[in-house]
Amino acid sequence: MTDMSVIMGKFMSRSNKLTSRDRLVRAAIEVFGTRGYHATRVSDLVSHAGVAHGTFYLYFDNKEAIFLYLVDDFFTRLQNQTLDRFPASAVANTGELNAQLLEMWRSILGHCRCEPFLTALILRESYAVSLASRTRVEERFAQTITSIGTYLKELAKRGIIRGSVTDASAWGILGLIERAIHYAVVVNPEAEVDTLAHEFLQIELNGLLGDREGLGAA
């Protein structure tokens, strides 16, 4: 009985810590999103999360650490739902490219619409941290650029898109995605995701296909 009590005690302790961490993360999204990064204090986060002040430091060194966790998690989940889920190797022709990119746009916009506070926070505050941490944010953007570039170059190598794509093309597409997210989440959150996905897709394809035959809306 004693051994089982110890095991159950350790299990409950881990569960409580996980719950507290999740509450802190949710609180960070909401408080940073409403007050801004610089105006937020750790005391604001723990108060909003309803946990003890010391609990915060079990998981994060400071408010910048929890902010960077949000940034990393945001980029990772978007990558998982787009380029990791829809590889260029699955595309055989422009029709399949059209369908795949449309699904990626739907995933991006739908995901960001479901997390408007976090999305707006990342777009607005990702460079509000210290210089050292901004380097980390920039590295995440660079990783995204590399993933987009790899995707485009594989398509170009197989003759599905124009062959002159460069890193500049990847940067241009990332800029389109960033502004599209801002429009869908901040500027016009009532617009239908599917309508926006089709519109942004056509803008993207006009650049990727170049003088090749354009694609109609799916």
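Computed from the coordinates by the stated procedures, all read-outs in this text should not be read as laboratory data. Because the structure is a prediction, the values reported are computed rather than measured. Cβ coordinates were reconstructed from backbone atoms using ideal geometry, including for glycine residues, and neighbour counts include every protein chain displayed.
Here are a few things to note about the model shown:
- Distance between modelled label sites at residue 187 and residue 115, nm, 7 Å Cα→Cβ extension: 2.3
- Length gained on full extension, residue 58 to residue 176: 38.6 nm, using 0.36 nm per residue less the C-alpha separation.
- Placing a label point 7 Å from the Cα of residue 203 along the Cα-to-Cβ direction, the residues of segment 113-137 whose backbone N falls under 17 Å from that point are 113, 123.
- Centre-to-centre, using Cα atoms only, segment 58-100 and segment 129-205 are separated by 11 Å.
- Here segment 63-209 is treated as a Stokes sphere of Kirkwood radius computed over C-alpha pairs; at 10 °C and 1.306 mPa s its diffusion coefficient rounds to 100 µm²/s.
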